[in-house]
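Here's the structure, in structure tokens; my notes come after.
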Amino acid sequence: MQDPIENKNIFQPEESEFTFRALFKKWADSLRYLLLFWKVLFVAGMIGVTIGLVTSLLTPVTYTARLSFVVEESKAGGGSLVSALAGQFGFDMGSVSGSNGMLSGDNVLELLKSKSLIKKALLTSFKDSSAHSMADQYAEAYGWKEKWKNSSKVGKDIQFTVGRNDYSRLEDSLLQLIVKRISEDQLSITKPDKKLSLFEINFVTRDEKLSQLFAERLLKITTDFYIETKTRRLRGNIDRLQKRSDSIGALLDKKTFSAAKASEGLIDINPAYTTQAVSAEISSRNKFIQSTIYGELVKNLEVSKTSLIQETPTFQIVDYPDLPLKRNRLPWWLGIFIGGLIGVGVMAVYLEFQKKE
């Protein structure tokens, strides 16, 4: 007795061989079928054309601010060798030989997308010495202030005044709404070539001046934060060495006068009294010790200042977002074409589906 599975395989029909002729014949049959409903397709196309035209005319114009810049990182290679050589002479080069660590060039991409830095840029002045902030201009450009004022949940005029630190919970939540929309939809940070330290900022809003100023302001705030964070340890070391060298220098000045006064007393000293000579010798010895310490501190201070210059990254803008900015708007003819194409396409798919049923 044969297995039922084998019997099923025996009577299963074979798949037809694929040919381009059969494919073209199938397309021709579908086209002839659709032409029977040309009036329906025409109406669907006209509806799509109307929707596309209205969409292109009513869609607000946006402006794209494009800003490209390069980051020149410090060269930390060979730092361990320098530290080892300096250690032979008593110099502390531990902070100089450090690597870039977490603050590598690619992290600029994430810093520019940071919501805290975006918020900080929004709370800067839209115009010089003006209390009108970037956030205020953004809310006005998108008509949000009027909506907030007429809303039952807000119901008042919202102002993100520059310099304020006492924002209410409601104001802070509205500000976070602006930050979220910018970071998710309107701000784009890219690195066109992974082998180069070239970065590009693209920011799109309905306000041309806002797009330009925000892109520049965000880069300025990010670069200041990046440089300050990257060089904080060296700056702290320089401040400590500067205070120490100033203190030792002041003591050395006093000790110099003291040693000179003690030396003057040796001119007419009575040989029977030796304490004056001992006092002069102690003053001279202390002066020499303090002078040596002061010299080493000054050497370390100058080395640290040189290292700070070498470790400080350089940001250079390549392309500024000069006015006029790129205008983004769907051309009316393209809206008509896309709308008509979509209308006809959707109706054709519907008719084919009805045919199969």
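The values are calculated or read from the model by the stated rules, or taken from the named source; none is laboratory data. Since we're looking at a predicted model, the values are computed, not measured. Methodologically, a virtual Cβ is constructed for each residue, glycine included, from the backbone with ideal geometry; neighbour enumeration extends over all protein chains shown.
Structure data summary
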item	result
Region 227-244 residues that are among the hydroxyl-bearing types (S, T, Y), paired with ones that are in a helix (DSSP H, G or I) (beta carbon under 7 Å, 6 or more apart)	T231/L308; T231/E311
Contacts under 9 angstrom Cβ, first residue in region 26-40 being within 14 Å of V349 (Cα to Cα) and assigned to a helix (DSSP H, G or I), partner of a type in the set (G, A, S) and at pLDDT 80 or above, 6 or more apart	S30/A348; L34/A348
Any hit, region 65-80, residues being modelled with pLDDT under 55, touching a helix residue (DSSP H, G or I) at 6+ places or on another chain (Cβ under 7 Å) and among the β-branched types (V, I, T)	no
Identity of the residue in region 311-357, under 24 Å from I47 (Cβ atoms) and outside any helix (DSSP H, G or I), that ends up modelled with the lowest pLDDT	E357
Complete set of residues in region 43-66 that are of a type in the set (S, T, N, Q), surrounded by fewer than 17 Cβ atoms within 10 Å (Cβ to Cβ) and within 30 Å of D319 (Cα to Cα)	T59
Pair list, Cβ < 9 Å and 6+ apart or interchain, from region 328-340 residues that are at positive phi to residues that are among the small types (G, A, S) and not in a helix (DSSP H, G or I)	none
